Structure formats: structure tokens, C-alpha cells
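Here, each number is a calculation from the coordinates, and none is a lab measurement. For clarity, every value in this text was computed on a predicted model and none was experimentally measured. Cβ atoms come from the backbone with ideal geometry, glycine included; neighbour counts cover every protein chain shown.
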Amino acid sequence: MASQQYHISLLQMDIRLADPQYNQQRAGEWIAEAMKAEPKPDVIVLPEMWNTGYALDRLDGIAEPENGPICDWLSETAAHYGITIVGGSISEQRSSGFYNTLYAYAPDGSQLTRYDKIHLFKLMDEEKFMQPGEQTTLFPLGDVTAAASICYDIRFPELARTLALAGAKVWFVPAEWPNPRLHHWRTLLTARAIENQMYVIACNRVGRDEKSEFFGHSMIIDPWGEVIAEGGEEEGIISATIDLELSEDVRGRIPVFADRRPELYKHQD
Ligand SMILES: NC(=O)CCC(=O)C(=O)O
């Protein structure tokens, strides 16, 4: 079996509202910077909607076309450096509307997954402008099953549990999670890691837009719930090495999955 160790780098970047060219240039600079580190990252993660930010009322004309140039760029960048890129999410325009869409690419540049955010966040008016996704996603990270969801999705424990039951040992979560809910962000991510005995790898943006201020605090949490890396509130690269065998180890010690009693998880009067 191939090694299950991966060096992960999260690009905790600021995002300029409604300026995809500038944001792509900055993302490229951040990736080049991350690749100078030793050890070099195997996996790079970007935040949510990093191309446009939450410029929801201006997406027409600035959102990416389906499988558009940003996807080509993510694919070429992954192949150029020989890394996996969990490309955060981008705002994408299709004939059926706008979507908040995550793409991931393998080290050979092939597309690993495309996922449309399934829970749209009403507090930021997402549902007024965007269409929800209709399915969850799993994808291979080497020999291991990985999952990805987006930001508000972390509030739905049944989603994380479904992904873990389907085999996920690591869950990637790009985000634009604003103040003042840092306590929710840290607690929910940690709970999802502990209850599902999997790595949770969450990349949040920093900076502000016209309505919100974003606090960063990108996190890499292991299957015991230990925070092994956490960002501050400034732009930066947050890195750690993970060992996906730890998930099996923790599941063996506290056999939550074997002990589940799903036949009782329905309310009876
Ligand atoms: N972009 C988002 O989905 C934000 C979710 C959020 O802030 C929350 O509290 O949930």
C-alpha cells in the first residue's frame, strides 16, 4: 500500500470582491509560495468562492463558465507541481443558474471531483442567487477515500456521518465563514472530526467584503479531535503532515461505527 502520509497546505488568502483575474493571480502566487516550503505540500487547499467572493448580485459576467478557464488552470497547476489541488470553490455560471462549486485535481491534472454546495446559507443571501447542489461527493486521495463539502455544510452532522459511513477518512472544507461565529466554526469542525474519527481540513478566507469580516482560523484537526494546525487572522499558509492510518487506529480504539444502532435512530413516542 502507498504511504498514507500527506503534507497539507491551506491557502488562507484574502479575496478581492468581484475581481476573478486578480484573485486568480493571487492564488497562483500563494501556490508558488507554498511550493517553496520543505517539505513540499502534497495537497493544497483554497477557500470558498475564491474567484469572486460573495459578489452574489454581480455574478453575471464574472462567474466562471462551466469547466471554464479556472478549471484548466487548476488542472495545469496541479500537473505542473505534481500535487493534488482541492480548489476551494468558485462561483460558476451554467444555463440552470449560478453554483458554488468545488473542483479537485490530481497530480496528473485529471479532475477528481466536482461538487456543488448542497446547503445554501440564507444569512448571506446565497439561496436568492444560487442553485443548490443535489449530491454529495467522495474522491480518491491516493489509496484513501476523501470527502469534500463547503462551509455551511459543516452544520449538518448527518452529512459528515454519511460521508464517513461511505468510507471518508479525511474531509476537506473550503469556507468563507465570517465573524462573529468563530466559536461555532471551531466547535463544529472539531465535533465532526471527533464523532466521525476522521481528519477535518478546513480553509477559511481572511479580510472583509461589503457586508462581512472573515477571521481565517483555517484548521487541520486529526481524528482524535486534536487541532494540529490553526491559522491566525492574517493571510498565510497553514501546513501540517497528516497520516490517514490514524483514522483506522482511532476507529479501532473507540469503535463508534461498529457500535452504532441506526435502527433506533428514529423518534418513537
Ligand atoms: N459561507 C457560508 O456558508 C458561511 C456559513 C456560516 O457563516 C455559518 O455560520 O454557518
Checklist outcome for this item: The long-range amide H neighbours of residue 14, using H built 1.01 Å from N in the peptide plane and a cut-off of under 5 Å, are 206
Checklist entry - Where does the stretch 72-112 land on Rg(C-alpha)/(2.2 N^0.38 Å)? => result 1.24
Checklist entry - Within a Cβ distance under 11 Å of residue 99, other residues only, what is the Lys/Arg minus Asp/Glu net charge? => result -3
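For residue 36 and residue 166, what is the calculated FRET efficiency with R₀ set at 35 Å and r taken between the beta-carbons, to the nearest 0.05?
Values: r = 36 Å, r/R0 = 1.03.
Efficiency at R0 = 35 Å is approximately 0.45.
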Checklist entry - Quick one: if you take sqrt(5λ) for each eigenvalue of the C-alpha gyration tensor of the stretch 69-228, what semi-axes come out, biggest first, whole angstrom? => result 22, 21, 15
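Over the stretch 5-255, how many pairs of lysines fall under 28 Å by alpha carbon, counting only those 8 or more apart in sequence or from different chains? Don't skip to the end; give the middle numbers.
Numbers: 36/169; 40/169; 117/128; 117/169; 117/211; 122/211; 128/211.
Lysine pairs, 8 or more places apart or on different chains, close enough: 7.
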Next on the checklist: For the chain, take every pair of Cα atoms, bin their distances at 5 Å starting from 0, and report each bin as a whole percent.
Outcome noted: 1, 6, 14, 19, 20, 17, 12, 6, 3, 1, 0, 0, 0
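Using the Kirkwood radius over C-alpha pairs as Rh, can you work out the diffusion coefficient of the stretch 1-146 via Stokes-Einstein at 20 °C, viscosity 1.002 mPa s, in µm² per second? The partial results should precede the final answer.
On the way: Rh = 15.6 Å.
Estimated via Stokes-Einstein, D reaches 137 µm²/s.
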Item to check | Nitroxide proxy distance, nm - points 7 Å out along Cα→Cβ at residue 249 and residue 21 | outcome: 5.0
Checklist entry - ³J(HN,Hα) across the stretch 208-218 via Karplus (A = 6.51, B = -1.76, C = 1.60, θ = phi - 60°), whole Hz, x for Gly/Pro? => result 9, 10, 5, 10, 9, 10, 10, 9, x, 6, 4
Item to check | At R0 = 30 Å, FRET efficiency that the Cβ-Cβ distance of residue 191 and residue 110 yields, to 0.05 | outcome: 0.35
Checklist entry - Rounded to the nearest 500, what is the chain's calculated 222 nm mean residue ellipticity when only DSSP H runs of at least 4 contribute -39500 (n - 2.57) each, over all residues? => result -7500 deg cm²/dmol
